[in-house]
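The values are calculated or read from the model by the stated rules, or taken from the named source; none is laboratory data. Worth saying up front: this structure is predicted, and the values here are computed from it rather than measured. Counting neighbours? That spans all protein chains shown, and the Cβs are built from the backbone with ideal geometry, glycine included.
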């Protein structure tokens, strides 16, 4: 499908982020994408479907949730791809600001 990795950051113009900020940025992209896709799909679900899907989420059953989506929303991968493209466009538009802000942050201590 797609990978959230250094290649994506390079594509977005964020390849020069400090190493410790790259992981944070990838996590932010993942969480934002997950939220947007979830909202888009939830808008298309009936109340019963929403309850059923939330049951998988509440149990942390990622495999079950994925299988449910594949069965009930076979086009969900297109929704993911479309939302990712939208997010990438937004990030590319602010990449310079993100890089500038990263230069002004003190290095984070290793944990």
**OP:** Give the residue, chosen from 90, 100, 54, that is out of contact with any helix residue (DSSP H, G or I) (no Cβ under 7 Å at 6 or more places or on another chain) and modelled with pLDDT of 95 or more.
**Re:** 90
Original post:
more than 13 Å from the chain's Cα centre (by Cα), more than 17 Å from residue 3 (Cα to Cα) and exposed (fewer than 13 other Cβ atoms within 10 Å of the Cβ): does that describe residue 60?
Top reply: yes
Original post:
Which condition breaks for residue 106 when tested against (1) over 22 Å from residue 5 (Cβ atoms); (2) modelled with pLDDT under 95; (3) more than 20 Å from the chain's Cα centre (by Cα); (4) assigned to a helix (DSSP H, G or I)?
Top reply: (4)
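Yes or no: the range 76-88 includes at least one residue that is under 22 Å from residue 30 (Cβ atoms) and outside any helix (DSSP H, G or I). Please lay out each step first, then the result.
In the first step, residues of the range 76-88 are kept if they are under 22 Å from residue 30 (Cβ atoms); the result is 76-88.
Then drop every residue that is not outside any helix (DSSP H, G or I), which leaves none.
No, the range 76-88 has no match at all.
Residue-by-condition table, conditions (1) under 16 Å from the mean Cα position of the chain (by Cα); (2) surrounded by 11 or more Cβ atoms within 10 Å (Cβ to Cβ):
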{"position": "19", "(1), (2)": "no, no"}
{"position": "46", "(1), (2)": "no, no"}
{"position": "67", "(1), (2)": "no, yes"}
{"position": "72", "(1), (2)": "no, yes"}
{"position": "84", "(1), (2)": "yes, yes"}
{"position": "89", "(1), (2)": "yes, no"}
{"position": "100", "(1), (2)": "no, no"}
Subject >> Flag for residue 15 being assigned to a loop (DSSP other than H, G, I, E, B), surrounded by fewer than 15 Cβ atoms within 10 Å (Cβ to Cβ) and free of Cβ contacts under 8 Å to residues at least 12 places away in the same chain >> reply: yes
**OP:** Specify which of the listed residues (95, 65) is free of Cβ contacts under 8 Å to residues at least 60 places away in the same chain and in a helix (DSSP H, G or I).
**Re:** 65
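I'd like the residue in the range 29-39 that is loosely packed, with under 12 Cβ neighbours inside 10 Å and under 22 Å from residue 10 (Cβ atoms) and, out of all such residues, is farthest from the chain's Cα centre (by Cα). Break it down stepwise before answering.
Residues of the range 29-39 loosely packed, with under 12 Cβ neighbours inside 10 Å: 30-31, 35, 39.
Cutting the leftovers down to under 22 Å from residue 10 (Cβ atoms) gives us 30-31.
Numbers: 30: 3, 31: 5 Å.
Only one residue tops the list, namely 31.
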